[in-house]
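Asks: One structure, pasted below without further comment.
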Amino acid sequence: MKNYMPTRVLTGFNILQKNKEIIKGMGKRCFIITSGSSGKLSGAVDDLITILEEFGIKYSIFDGIKQNPSVVSCIEAGRLANEFKADFIVGIGGGSALDASKTAAVVANNPKLDEEGIYKQNWDKKPVPLILIGTTAGTGSEVTYVSVMTNKDGIKKSIHNDDLYARYAFGDPNYTKSMPITVRVSTAIDALAHLLESYFNNNANEISRAYSREGVRLLYPKLKLMAENIDLNDESLETVYNASIIGGLAINITGTVFCHTLGYYFTEEYHLPHGIACCIFTDDLLEYEYENNREYTDEFFNSIQIDRKEMMEVIDSLLPDLNFRLSDEEIERIMPRYTNNNSVKNTYGTMTPDDIKKVLNKLK
Ligand SMILES: [Fe+2]
């Protein structure tokens, strides 16, 4: 049973300050990777700098990571970390900054790596030690061994490698307070997607299913609050953050299913935020499983004491109206992406390309 997770995860309010000795022990030169303003706005960058200065640790900041980061930007960050002779790298931000930091940490010790080498995972030296600090609650990237990047053709493609695990992941719910509400919703439903896609997955095992059940049980009441436009208090913010980490632990074991792989296209082409792009297919997943694997589906919803239909309604209410429709030509054009796709094969049961076509046809 695959269940390997070497990252030490520390969550809670003021968790970074409480564990500043860990930062001290990482070395004398720190390279910080973050995206635009989120690292700064959340307060995480300032908190880290305070600690670095207290211990006399030299630092340099790269804040050029964009959403759905390009491989080029990961290489750039990694080479700059190499030039800076970083002893360790700290990635701060949402999924994009964290995923980019994982690849950058590899490049930092293998500066000649290019895009092809990264996707072929053709590197010799172990990455520079990495710390990840999340500022959104949903991606779970803090604890996964996955880095999703956008390649030179504009296609989102991931690499999976044990070298991508961070040494430490810090999760302070305080840092998630600066998120705009749209980001809060799209990241939280990404966490729900991870938990459900891990459960309804051919790779699911007793451990991953335990994560999924507990994660959904924690997260769902908070999603209902969001659906009712009720602000989340500190306790709820912490719960959402923890549920997102549990989602990361779950998909580390199983991977995701068709919803995520379809979602990538809608992020590339229609710029839907990642969580929204994946969650527009969550209903399809729950419907498919109910039709084809009713006992397994009922067992899940009975065990967490949540009504399946109500959950589908709550998800729908959190999704924006889509301002596009697919044409037959477009569906034909993208179908080859899903004919021999691992995430489609992961879907619990035996999902076929025809099933995928039916799902896409609903968006016509
Ligand atoms: Fe995701």
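Asks: Which of the helices in the chain meet the span-like rule: DSSP H, Cα axial reach of 24 Å or more, Kyte-Doolittle mean at least -0.5?
Replies: Those that clear 24 Å and a mean of -0.5 are 181-199, 206-227, 234-254.
Asks: Right, next: Calculated FRET efficiency, LYS20 and ILE181, Cβ-Cβ r, R0 41 Å, to nearest 0.05?
Replies: FRET efficiency, LYS20 to ILE181: 0.85.
Asks: Something else: Regarding segment 8-176, what whole-number volume in Å³ per residue does the convex hull of its Cα atoms give? Intermediate values should be presented prior to the final figure.
Replies: Values: hull volume 15.4 nm³, N = 169.
Spelled out: Cα convex hull of segment 8-176, divided by residues, is 91 Å³.
Asks: Now for a separate question. Nearest 5 percent is fine: what portion of the DSSP beta bridges confined to segment 8-176 is antiparallel? Mind dumping the intermediate values first?
Replies: Working: 6 of 29 bridges.
Of all bridge pairs located within segment 8-176, approximately 20 percent are antiparallel.
Asks: I'd like the carbon and sulfur percentage of the solvent accessible area for segment 8-176, probe radius 1.4 Å, heavy atoms only, ligands and nucleic acids excluded. Don't skip to the end; give the middle numbers.
Replies: On the way: 3190 of 6730 Å².
Ligands and nucleic acids excluded, carbon and sulfur reach 47 percent.
Asks: Can you compute the helix-only [θ] at 222 nm over the chain? Use -39500 (n - 2.57) per DSSP H run of at least 4 residues, normalise by all residues, nearest 500 deg cm²/dmol.
Replies: Details: 18 runs with 193 residues, N = 364.
That calculation yields -16000 deg cm²/dmol at 222 nm.
Asks: Compute the projected area of the convex hull of the Cα atoms of the chain, averaged over all viewing directions, and report it in nm² to one decimal place.
Replies: On the way: hull surface 67.2 nm².
Mean orientational projected area (the chain, Cα hull): 16.8 nm².
Asks: On to the next question. Counting heavy atoms of the protein chains only and a 1.4 Å probe, report the per residue accessible area for segment 8-176 as a whole number of Å².
Replies: Per-residue accessible area for segment 8-176 comes out at 40 Å².
Asks: Right, here's the next one. Among DSSP beta bridges lying fully in the chain, give the percent that are antiparallel, nearest 5. Provide the component values of the computation, followed by the final result.
Replies: Working: 7 of 30 bridges.
Among the beta bridges of the chain, antiparallel pairing accounts for roughly 25 percent.
Asks: In the structure shown, do any of LYS40/LYS66; LYS66/LYS102; LYS58/LYS177; LYS177/LYS222; LYS20/LYS222; LYS66/LYS125 have a Cα-Cα gap over 19 Å, and if so which? Each step should come with its number before you reach the end.
Replies: On the way: LYS40/LYS66 14 Å; LYS66/LYS102 15 Å; LYS58/LYS177 28 Å; LYS177/LYS222 15 Å; LYS20/LYS222 31 Å; LYS66/LYS125 27 Å.
Pairs exceeding 19 Å: LYS58/LYS177; LYS20/LYS222; LYS66/LYS125.
Asks: Turning to a different aspect of this structure: Using alpha carbon centroids, what distance separates segment 256-335 and segment 69-137, in Å?
Replies: Going from one Cα centre to the other spans 31 Å.
Asks: Follow-up question, since we're still on this one. Hey, any idea what % of segment 181-361's accessible area is carbon plus sulfur with a 1.4 Å probe?
Replies: Details: 3410 of 7720 Å².
Here carbon and sulfur together make up 44 percent of the probe-accessible area.
Asks: For PHE324 paired with ASN161, estimate the spin-label separation in nm (one decimal), with each label point 7 Å from Cα along the Cα-to-Cβ line.
Replies: The answer from the label model is 3.1 nm.
Asks: Counting only heavy atoms of protein chains, what accessible area per residue, in Å², does segment 181-361 have with a probe of 1.4 Å? All intermediate terms of the calculation are to be shown ahead of the outcome.
Replies: Details: 7720 Å² over 181 residues.
Result: 43 Å² per residue.
Asks: Please list, short to long, the whole-number percent of alpha-carbon pairs of segment 310-364 in consecutive 5 angstrom bins beginning at zero.
Replies: Pair shares across the bins are 4, 16, 20, 18, 21, 17, 3.
Asks: Using a basic spin-label model with each label point 7 Å from the Cα along Cα→Cβ, how many nm lie between ASP298 and GLU310?
Replies: 1.9 nm
Asks: Below 13 angstrom from the Cβ of SER38, what's the summed charge of the other residues (Lys, Arg +1; Asp, Glu -1)?
Replies: Details: positive: LYS40, LYS66, LYS177, ARG184; negative: ASP46, ASP63.
Summing Lys and Arg as +1 and Asp and Glu as -1 gives +2.
The values are calculated or read from the model by the stated rules, or taken from the named source; none is laboratory data. As the structure is a prediction and not an experimental result, all values here were calculated from the model. Every residue, glycine as well, gets a Cβ built from its backbone with ideal geometry; the counts of neighbours run over all protein chains shown. Surface accessibility is based on the protein's heavy atoms, side chains included, excluding ligands, DNA and RNA. Shrake-Rupley method; radii C 1.70, N 1.55, O 1.52, S 1.80 Å.
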